[in-house]
1. Could you go through segment 98-118 and let me know if any residue there is under 14 Å from Tyr203 (Cα atoms), without any contact (Cβ under 8 Å) to a residue 60 or more places away in the chain, outside any strand (DSSP E or B) and not hydroxyl-bearing (Ser, Thr, Tyr).
2. Identify the residue in segment 90-103 that is more than 14 Å from the chain's Cα centre (by Cα) and crowded, with 18+ Cβ neighbours inside 10 Å and, among all such residues, is farthest from the ligand (Cβ to nearest atom).
3. For segment 188-210, how many residues meet the condition of being within 23 Å of Gly227 (Cβ to Cβ) and either under 19 Å from the mean Cα position of the chain (by Cα) or away from the ligand (no atom under 14 Å from the Cβ) (or both)?
4. On the given criteria, is Ile220 over 23 Å from Lys9 (Cβ atoms), under 18 Å from the mean Cα position of the chain (by Cα) and surrounded by fewer than 21 Cβ atoms within 10 Å (Cβ to Cβ)?
5. Do we have any residue at all in segment 171-180 that's more than 16 Å from the ligand (Cβ to nearest atom) and under 15 Å from the mean Cα position of the chain (by Cα)?
Amino acid sequence: MKYIIGNWKMNMTAGEIVNFSKALRKYKFPKHSDVMLGLAVPYVYLLGMSKMQSSMMMIGAQNVSNHDKGAYTGEISANMLADVGLDFCLVGHSERRAMFGETDEIVNQKLEKLQENELLPILCIGETLEQYDKGQTKAVLSAQLSKDLEGIDKSKQIIVAYEPVWAIGTGKSASADLIKETITFIKQELDKILGKREHIVLYGGSVNPANSAEILRNEIVDGALVGGASLDADRFIQIASSVF
Ligand code: PEP
């Protein structure tokens, strides 16, 4: 199974979403295709988009509060996301870490809240360009994983997305070889932290219809987290169909 998850970030209007959904509905995916689609949608459109949920389409949020309830103006709890029937939630995206002060401790708390509410967390990790240049990638990923996953319920499924910060929104994807090597490393780390089993690890960072087939061909890559190219239904479908 390959997961193709779009992250719309703070983009799209209601009208654009209607057109996107129409195009997606029209496209006939081959029966029994081994692909699971997902869209991480801005909060205000989540309820509307939940109509798109199906056995091959997950709808989720891009963020969640690390608190349960109460006086946290502007925040949305994991319980609320579960209450409206969502499937998943991104956590620890590099934009939230860099721009909104989201520390590993907060990421860990958010992960816990998602698990408590039976939502599938998609944990984003990745190194900056400076860390990459200094050869610190594995140390950075290892530290993020051990802090973000500390004390979580090992029996529950999580998805990890390897997203090198230098590849996000830059048009400069990591090479297929680097992705393979890094995801292999991440799976070994997950074996140590969560126990030996099948782990789901996606790649994210400038995935587009021109490079998706090469990236997704590798068995170790369980799918892609797609930002910019997920805003256009045709490009999103092209990426998904490069799986079969
Ligand atoms: C992302 O922000 O998760 C992402 C992968 O963005 P892009 O595909 O635009 O690089």
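All of the numbers you see were taken from the coordinates with simple rules; none came from a lab. The structure displayed is predicted, hence computed values, not measured ones. Reconstructed Cβ throughout: ideal geometry from the backbone, glycine too, with neighbour counts over all protein chains shown.
1. No, segment 98-118 contains no residue that is under 14 Å from Tyr203 (Cα atoms), without any contact (Cβ under 8 Å) to a residue 60 or more places away in the chain, outside any strand (DSSP E or B) and not hydroxyl-bearing (Ser, Thr, Tyr).
2. Just the residues of segment 90-103 that are more than 14 Å from the chain's Cα centre (by Cα), to begin with: 97-103.
Next, only the ones that are crowded, with 18+ Cβ neighbours inside 10 Å stay: 97, 102.
On the way: Arg97: 12, Glu102: 14 Å.
Only one residue tops the list, namely Glu102.
3. 11
4. yes
5. no
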